[in-house]
Amino acid sequence: MIEFLFPRGVAAAEAFDDPIDARLLPAEESLISQAVDKRRREFTTARHCGRTALAQLGLEPVPILRGERGMPLWPANVVGSLTHCDGYRAAAVAYSMQIRSLGIDAEPHEALPDGVLGHTSLPAEREVLATRDEDLHWDRLLFCAKEATYKAWFPLTGRWLGFEDAHITFTREPGTPGPVAGQAPVATGTFTSQILIDGAATDGGPPLLTLPGRWLIAGGLIMTAIALT
């Protein structure tokens, strides 16, 4: 389903369970050696998806190690992002000559736990959410979009981006789109993350002022993606 959110040039892979052939490479084992079984399975399958997506770019399997703040480390000249939640794991990758940065996130399509929205959103965002149609869990969609924003931001800046540092607005596309990978979407649309702090980047590119993204709700999941060109 997640490939629906990307432009040409992005390779994506997803899993709705943990395949029996999903394995860690030796260099990755130490990253997860102390984790509980649930965390280990999520970590393993997400990296399995990462290698599946890299293969679509014609690249050989490589360890996907962790950099600062847990950022996945990709081969030279490749950008990418990983995500996982209950019942879902995914990866997206692209060559950096085509896509400057990627950020993806997935969440269950259900309300945020009590108290979380107040800590992860701006007052202006909450005001708009209060006017939105009640058929969607807009609070969880907002949280999901903030996570994707951070994942696209950090590789280009090396700096923290708090929930209060990006103002996100949503557009819902009219009607209901057709089936995506066998799942009938509930809704889809776009979002824009307006960065509220210094957006200076370290890759020599322009500062990050706004990050455009897409979102999809289908199969009981929310998915958000930013492919920054």
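Taken together, 161, 142, 73, 82 contain a single residue that is among the hydrophobic types (A, V, I, L, M, F, W, C) and out of contact with any helix residue (DSSP H, G or I) (no Cβ under 9 Å at 6 or more places or on another chain), which is 73. If the condition is being in a loop (DSSP other than H, G, I, E, B) and in contact (Cβ under 8 Å) with a residue 60 or more places away in the chain, then segment 57-109 contributes 71, 87, 98, 99, 100, 109. One residue alone among 92, 11 is touching a Ser or Thr at 6+ places or on another chain (Cβ under 8 Å) and not polar (S, T, N, Q), and that residue is 92.
Only residues that are closer than 12 Å to residue 198 by Cα and among the basic types (Lys, Arg) were counted in segment 137-167, giving 1. If you go through segment 155-172 and keep only what is open to solvent by 30 Å² or more (accessible area, probe 1.4 Å) and part of a helix (DSSP H, G or I), you end up with 155, 163, 164.
A count restricted to segment 110-132 and to residues that are out of contact with any helix residue (DSSP H, G or I) (no Cβ under 8 Å at 6 or more places or on another chain) and free of Cβ contacts under 8 Å to residues at least 12 places away in the same chain stands at 7.
Looking only at segment 142-174, residues that are closer than 15 Å to residue 79 by Cα and of a type in the set (A, V, I, L, M) come to 3 in all.
Selection over segment 121-154 of residues that are open to solvent by 60 Å² or more (accessible area, probe 1.4 Å) and touching a strand residue (DSSP E or B) at 6+ places or on another chain (Cβ under 6 Å) gives a count of 0. For segment 102-121, taking the residues that are touching a Phe, Trp or Tyr at 6+ places or on another chain (Cβ under 8 Å) and not β-branched (Val, Ile, Thr), the one that is nearest to residue 53 (Cα to Cα) is identified as 103. Scanning segment 4-39 for residues that are assigned to a helix (DSSP H, G or I) and buried (at least 17 other Cβ atoms within 10 Å of the Cβ) returns 4, 5, 28.
Within segment 72-90, being charged (D, E, K, R) and at pLDDT 95 or above holds for one residue alone: 89.
The values are calculated or read from the model by the stated rules, or taken from the named source; none is laboratory data. The shown structure was predicted, so the numbers you read here are calculated from the model rather than taken from an experiment. Please note: Cβ atoms are built from the backbone with ideal geometry, for glycine as well, and neighbour counts cover all protein chains shown. These accessible areas exclude ligands, DNA and RNA; they are computed on the full protein's heavy atoms, side chains included. Shrake-Rupley method; radii C 1.70, N 1.55, O 1.52, S 1.80 Å.
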